[in-house]
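Note sheet for the following structure.
Coordinate-derived values only; no laboratory data. Small disclaimer: the values here were computed from a predicted structure and weren't measured. Here the Cβ is made from the backbone with ideal geometry for all residues, glycine too, and neighbour counts use every protein chain on show.
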Amino acid sequence: MGDAVVCRGLVKRFGDVVGLDGLDLTVPTGSIFGFLGPNGAGKTTTVRLLTGLTRPTTGSASVAGLDVVTSGLRLRERVSYLAQQPEFYGWMRGRELLTFVGELFGMRGAALRARVDEVLEQTGLSEAAHRRVGGYSGGMRQRLGLAQALINRPDVLFLDEPVSSLDPAGRHEILSIIADLRDHATVFMSTHILADVERVCDRVAIIDRGRLVVSSTVVDLQERYAQPIFLLEPDPGQAAQVAALTARLEAQPWVASLAGDGGVLRVIASRPADAAAGILPLVVASGVTLARFERGRPSLEDIFLRLVGEAEHAKTEAA
Amino acid sequence: MQGFGILLRKELREQWRTSRLPVVAIIFFALGLLSPLTAKYTPEIVKLAGGGLTITVPTPTAGDAVDQFLKNMGQLAPFIAILLAMGEVARERERGTAAFVLTKPVTRPAFLAAKFVALLVTLGVGVLLAGIATYFYTAVLFETLPLGGFTASAALSLLAIMVTAALTFLASTLVRSSLPAGGIGLAAFLGLAIVSSLPRLGRFTPQGLLQPERALALGQGAAGLLGPLLVNLALVVVSLVLAWLAFRRQEVEG
């Protein structure tokens, strides 16, 4: 199997603002591909370029072997797209909207009705099919978005932040549907929620400031950056001591990165042995008492923060 | 033009289900109904309002009913056309529904054409109902007008309305939201109204069609109509071609 998506030196400028800065990317056919990046990194711009909604300033891209600039209708027959905040015609009923989309893809009659029933079932919207889309909740709207994107059995499905506006239950539902698409289509999912990528994606790319930082399988990425992580959870009410500890940790040569999140300090160590020996004495010296001290593998989030941080640092250095 | 038929069906359903078509039909029908009534009873009202004064008002005729009808179609209907056309493309881009449709296998000309044809149908239904109401009420209150001539007159009125609609439609493809598009449409309508008062150019504007419209409705000849007719048709066609040129490479949000 070849690559479902190929980008070569993709550049997109909006006046003086550079949205994409020479993006090179390949997405293997059949993968569920997580396209990660902080806000403003160029994720949505990439998706809009790959779906033909906008044109690159320079560079080229192909989807399912078709050039995104010149293939027009042939490309749109083979891909589907779900926007970050999908908007539909509120006056239509759910089933009516899916029938309309199916007709645009050339489907007719009994085959179309059967396919509409199938995607309604798949997305859990059968009971709401007769209701006006304008009255759907955010979660239902997202499921409807997924249903309309699936109706043509696309080769490549582009999902732009498909769960970012949903509550945990809604996220769970949508991610389950996406996971079920494995082996049926290539899914290109842009997101900044790393836990979602870890849950459903088999490959991942990280983009920052319009450039590719890394592209790999999720497992490879975690192994490649498999430096141990130390989690320190101080008891509450020790702000001054924790600040002192943070300062001490930052000064250590064996600390690759340090992040505080939800009252937990996450230390990624470049020299694990030194870290194992050095952390607790620093905790004691700072007068911090711990509720938890744990050594584990880095999550995708840790890797993401580190890589994006490195990219930013390299950019600053270059400047 | 792949997808045109499906998009047109959707546009027509939308005109009906969002109440645009029923509302336009009711307004135009009311305007058509009121035209001969206003012509018939205005002198009575003027006399009553005069109190003890003696006011001499000419006896109203079918010509007055036609004048009233054409005035309504020439002055009020274009505002309705602007309100309908200003959001056709801009609103869809603004809301993101344009991106939803344009990522499907449909061409951009089909997207625009379906919208404009649906607009033509809605305004056409309006003019048809207004014409029917005026024609029959004029027959009841005054005399029967020549059917062929009156039909041609109503068709010319529709063309004049469609010029304003097409210019607003063009504006709707050029700007990002409905309101500025409506403003441009209104400015275009007022600009053409000013041009219509110029001695040689005036007859080529939509407002300049008023005289031939009146002559046709009353069964008189309308000599020299071909030039203004073609110019107004060209205004519609050129507006649509420019809308397509603007829209074909436009970046669509969503």
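The table below lists the values:
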read-out: For the range B:38-168, size of Cβ-based charge dipole, Lys and Arg +1, Asp and Glu -1, in debye; value: 520 debye
read-out: Over the range B:126-187 - Rg/Rh using Cα atoms and the Kirkwood inverse-distance radius; value: 1.22
read-out: Viscosity 1.306 mPa s, temperature 10 °C, Stokes-Einstein D of the range A:232-312 from Kirkwood C-alpha radius, µm²/s; value: 121 µm²/s
read-out: Dipole axis of chain B (+1 Lys, Arg; -1 Asp, Glu on Cβ), positive-most option in B:Ala139, B:Ala155, B:Trp16; value: B:Trp16
read-out: Candidate lysines for bridging to B:Lys40, where Cα separation is under 30 Å - those fewer than 8 sequence places away on the same chain excluded; value: B:Lys71
read-out: Degrees separating the helix A:109-122 axis from the principal Cα axis of chain A, which is the longest one; value: 20 degrees
read-out: The range B:1-133: equivalent-ellipsoid semi-axes (sqrt of 5 x gyration tensor eigenvalues, Cα, Å); value: 43, 13, 10
read-out: Cβ-placed point charges (K, R +1; D, E -1), dipole of the range A:248-308 about Cα centre in debye, nearest 20; value: 120 debye
read-out: Peptide A:51-58, shielding by other chains (average Cβ, 10 Å cutoff); value: 3
read-out: Stretch gain in nm, segment B:Ser177-B:Leu53, where the contour uses 0.36 nm per residue and the Cα spacing is subtracted; value: 39.3 nm
read-out: Principal-axis tilt of helix A:272-286 within chain A, Cα atoms, nearest 10 degrees; value: 70 degrees
read-out: Two-decimal Rg/Rh across the range A:37-145, once Rg and the Kirkwood Rh are taken from alpha-carbon atoms; value: 1.03
read-out: For the range A:65-136, with +1 on Lys and Arg beta carbons and -1 on Asp and Glu, the positive-most of A:Gln85, A:Leu112, A:Val69 along the dipole; value: A:Leu112
read-out: Kirkwood Rh (inverse of mean 1/r, distinct Cα pairs), the protein assembly as shown, angstrom; value: 28.2 Å
read-out: A:Thr57-B:Leu229 FRET efficiency (beta carbon distance; Förster radius 51 Å; 0.05 resolution); value: 0.65
read-out: Using distinct alpha-carbon pairs, which all enter the 1/r mean, Kirkwood radius of the range A:186-232 in Å; value: 12.0 Å
read-out: Principal axis box of chain A, alpha-carbon based, largest edge first, Å; value: 75, 44, 37
read-out: From the C-alpha gyration tensor of the range A:179-319, square roots of 5λ in Å; value: 32, 18, 14
read-out: Average projection area in nm² (convex hull over Cα atoms of chain B, one quarter of hull surface); value: 15.3 nm²
read-out: Modelled FRET efficiency - R0 41 Å, A:Ser164 with B:Leu190, Cβ distances, 0.05 increments; value: 0.35
read-out: Helix axis angle, A:239-250 relative to chain A longest principal axis, alpha carbon, degrees; value: 90 degrees
read-out: Loop chymotrypsin sites (Phe, Trp or Tyr not before Pro), the range A:69-160, which have at most 16 other Cβ atoms in a 10 Å radius of their Cβ (DSSP); value: A:Trp91
read-out: Chain B, helix-only ellipticity at 222 nm - DSSP H runs n ≥ 4, -39,500 (n - 2.57), divided by all residues, nearest 500; value: -24500 deg cm²/dmol
read-out: Cα→Cβ-extended label distance, 7 Å offset, between A:His172 and B:Thr42, nm; value: 7.2 nm
read-out: In the range A:59-166, trypsin sites (Lys or Arg not before Pro) in a DSSP loop with at most 12 other beta-carbon atoms within 10 Å; value: A:Arg108
read-out: The protein assembly as shown - share of DSSP beta bridges that are antiparallel (%, nearest 5); value: 70 percent
read-out: Given charges at beta-carbon only (K, R positive; D, E negative), |dipole| of chain A in Debye; value: 760 debye
read-out: Average other protein chain Cβ within 10 Å of Cβ, residues A:93-102; value: 2
read-out: Pair B:Thr61, A:Ala259: separation of 7 Å Cα→Cβ label points (nm); value: 8.7 nm
read-out: Share, in percent, of DSSP beta bridges within chain A that are antiparallel, nearest 5; value: 70 percent
read-out: Centroid-to-centroid separation of the range B:174-197 and the range B:1-69 [C-alpha atoms, Å]; value: 23 Å
read-out: For the protein assembly as shown, with +1 on Lys and Arg beta carbons and -1 on Asp and Glu, the positive-most of A:Pro272, A:Gly170, A:Gln227 along the dipole; value: A:Gly170
